[in-house]
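Asker: Below you will find the structure I want to go over with you.
Computed from the coordinates by the stated procedures, all read-outs in this text should not be read as laboratory data. Worth saying up front: this structure is predicted, and the values here are computed from it rather than measured. Cβ placement follows ideal geometry from the backbone for every residue including glycine, while neighbour counts extend to all protein chains displayed.
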Amino acid sequence: MDIDYAIRKIKPPAITENSISDDVDLYEKWERSNRLCIMFIKTKISTGMRGSVDQHNNVKELLKAIDEQFQSSDKALANTLIMKFSLLWLTNVRGVREHITKMRDIAARLKILEVDISETFLVHYILNTLS
């Protein structure tokens, strides 16, 4: 169906009176793909995200704007995870095993966000948060 055609290819030159039928077909194919991609993306992202991203008529520009928005969201998420990591004590969970699992899970999620916590620090920090 070539729905992602507009993402993979650059926008062809606009149609003029002198355009040949192949150029017209190529432009219409790109235009249809662009419209469908934008529609699909807008239906799949949350309304909060949709409101914070500017309106774009080109799917590549829309994807770039969404990517920039997620980068700032990643920083906020990393900050939230760091706070959760530093405030998690054994008294907040049901057992030692669950406590260690939660701490390692937060550390792994931070690593994905490029906030590295060394294994040695993690072990010592977990031991210090035990009662």
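Asker: With Cβ to Cβ distances under 14 Å as the rule, what net charge do the other residues near Asn57 carry (K, R +1; D, E -1)? Could you put the intermediate results ahead of the total?
Answerer: On the way: positive: Lys11, Arg32, Arg35, Lys42, Lys60, Lys64; negative: Glu31, Asp54, Glu61.
Net charge in that neighbourhood comes out at +3.
Asker: Here is a further query. Under 20 °C and 1.002 mPa s, how fast does the range 1-98 diffuse according to Stokes-Einstein, given a Kirkwood radius computed over C-alpha pairs? Answer in µm²/s, whole number.
Answerer: The Stokes-Einstein estimate is 127 µm²/s.
Asker: For Ser19, Ser73, which order do you get if you count the other beta carbons within 10 Å of each Cβ and list the fewest first?
Answerer: Listed from fewest to most nearby Cβ atoms, that is Ser73, Ser19.
Asker: So which GluC sites (Glu not before Pro) in the range 1-73 pass both tests, a DSSP loop state and at most 12 other Cβ atoms within 10 Å of the Cβ? Working shown, then result.
Answerer: Details: sites: Glu17, Glu28, Glu31, Glu61, Glu68; in loops: Glu17.
Answer in residue order: Glu17.
Asker: Most exposed first by the Cβ proxy, i.e. fewest other Cβ within 10 Å, how do Met103, Met39 rank?
Answerer: Fewest-to-most Cβ neighbours within 10 Å comes out as Met39, Met103.
Asker: So, one more: For the range 39-131, which chymotrypsin sites (Phe, Trp or Tyr not before Pro) are both in a DSSP coil and crowded by at most 14 other Cβ atoms within 10 Å? It would help to have the intermediate numbers written out before the result.
Answerer: Details: sites: Phe40, Phe70, Phe85, Trp89, Phe121, Tyr125; in loops: Trp89.
Passing sites in the range 39-131 are Trp89.
Asker: How much length is gained on full extension from Glu28 to Thr101, taking 0.36 nm per residue of separation minus their Cα-Cα distance?
Answerer: Details: separation 73, 0.36 × 73 = 26.28 nm, distance 5.32 nm.
Separation in residues times 0.36 nm, less the Cα-Cα distance, equals 21.0 nm.
Asker: Same structure again: Suppose each label sits 7 Å from its Cα in the direction of the beta carbon; what would the Glu17-Ala78 distance come out to in nanometres?
Answerer: A separation of 5.7 nm, rounded to one decimal place.
Asker: As a test of the formula, what do you get for the chain when each DSSP H run with n ≥ 4 contributes -39,500 (n - 2.57) and the sum is divided by the residue count, at 222 nm and rounded to the nearest 500 deg cm²/dmol?
Answerer: Working: 6 runs with 91 residues, N = 131.
The per-residue figure over the chain is -23000 deg cm²/dmol.
Asker: How high is the FRET efficiency between Ile7 and His124 when r is their beta carbon distance and R₀ equals 41 Å, given to the nearest 0.05?
Answerer: Numbers: r = 46 Å, r/R0 = 1.13.
The computed FRET efficiency comes out at 0.30.
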